[in-house]
Amino acid sequence: MSAPPLGLLLDVDGPLASTRTRTVRLPTIPRDLVALAQAGCPVVFNTGRSVDFLAERVLPGLVDAGLGPADPVWGVGEKGGTWFSLADRGGTAAVDEIAEDPAMSPPPAVVDAVRALVDRDFSDLVFFDETKRTMISVEHFVEVPGATFLARRDELAAAISRILDDHGVADETTIYPTVISIDVEHATSGKALGARRALDLVAPRMDPPRRWFTAGDSGQDYDMARYLDAHGFTATHLDVRPTGDVPDVSFEVIREVPHTREGDAEDDITARHLARLRAEVIA
């Protein structure tokens, strides 16, 4: 069996799910992803989000758009810490057994200390994400203005850093602030690890496509395309960051800046490119 014409490896927050609503708000996105998957193109979500988020916020829209349990769709969560395939639950696509790398999980004492910090000093700003298995995330409430979160983000990150130092895990842990959260990750995690997991998930099912489309809204997301490019695949990366220059890379980059006030957010940009790819693959 020949390899599919295209693979999709996609960050979720920003490119697919609105950073304002934390939902997949554009109906064309799940419809186009399902159409591409049913044309044989593997679709893999590669995100810092938990599997629970994918199961609750992303998968239902795909199912409503016609996703079947046999379609080539997978999820990699927590930047490579967790991953899953689809299962058949009474004819409906659902998350199968969740795999995870326990070596990437932070010590329980650190988890408890960060949770206590949030409850004590930052409960008006962020919540502790209880769905994470191999990392720690605190995320600002949807009703809290982004500017309010950003104004206190460094203070929160510094407090978390002190906890890591106190527990002797700073050298093996990375603090990664985003526009909506602060993630505490194992040093081996990242979007490159997620890309490796994605290829491992696809390989038993089909020959991996030689051409891949990746999309993300952070500098880390380039690592998906870097990994694919370094392993002999052709990668095109869609960068929808609000700011930032294109780094010097050896693969194609599509750089489009969202203009949210004009009604053109990150997910609007991705939606246009998914529609284009669908038209290319399904002539």
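Values in this text are rule-based calculations from the coordinates and carry no lab data. This one's a predicted model, so the numbers in the text were calculated from it and none came from an experiment. Note that we place each Cβ from the backbone using ideal geometry, even for glycine, and neighbour counts take in every protein chain shown.
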- Projected label distance in nm at Ala170 and Thr92, using a 7 Å step from Cα toward the beta-carbon: 4.8
- Task: Report, to the nearest 10°, how far helix 191-202 tilts away from the longest principal axis of the Cα atoms in the chain, using its own Cα long axis and a range of 0 to 90°.
- Result: 40
- Query: Using a basic spin-label model with each label point 7 Å from the Cα along Cα→Cβ, how many nm lie between Ala203 and Thr21?
  - Reply: 3.9
- Which value in Å is the Kirkwood Rh of region 102-186 over different Cα pairs? 12.8
- So the FRET efficiency between Thr234 and Glu155, C-beta based with R0 = 45 Å and rounded to 0.05, is 0.55
- Query: In whole Å, what is the distance between the alpha-carbon centres of region 155-206 and region 28-91?
  - Reply: 22
- Note on the structure: Taking 0.36 nm per residue of separation between Glu130 and Glu143 and subtracting their Cα-Cα distance, the length gained on full extension comes to 2.8 nm
- Message: Suppose we flag GluC sites (Glu not before Pro) only when DSSP calls them loop and at most 10 other Cβ atoms lie within 10 Å. Which is the longest uninterrupted stretch of the chain?
- Response: 144-283
- Query: Within region 194-222, what residues put their amide N at less than 20 Å from the label point 7 Å along the Cα-to-Cβ vector of Val249?
  - Reply: 194-200, 209-222
- What's the extension gain from Glu280 to Thr28 if we count 0.36 nm per residue and subtract their Cα-Cα distance? 89.1 nm
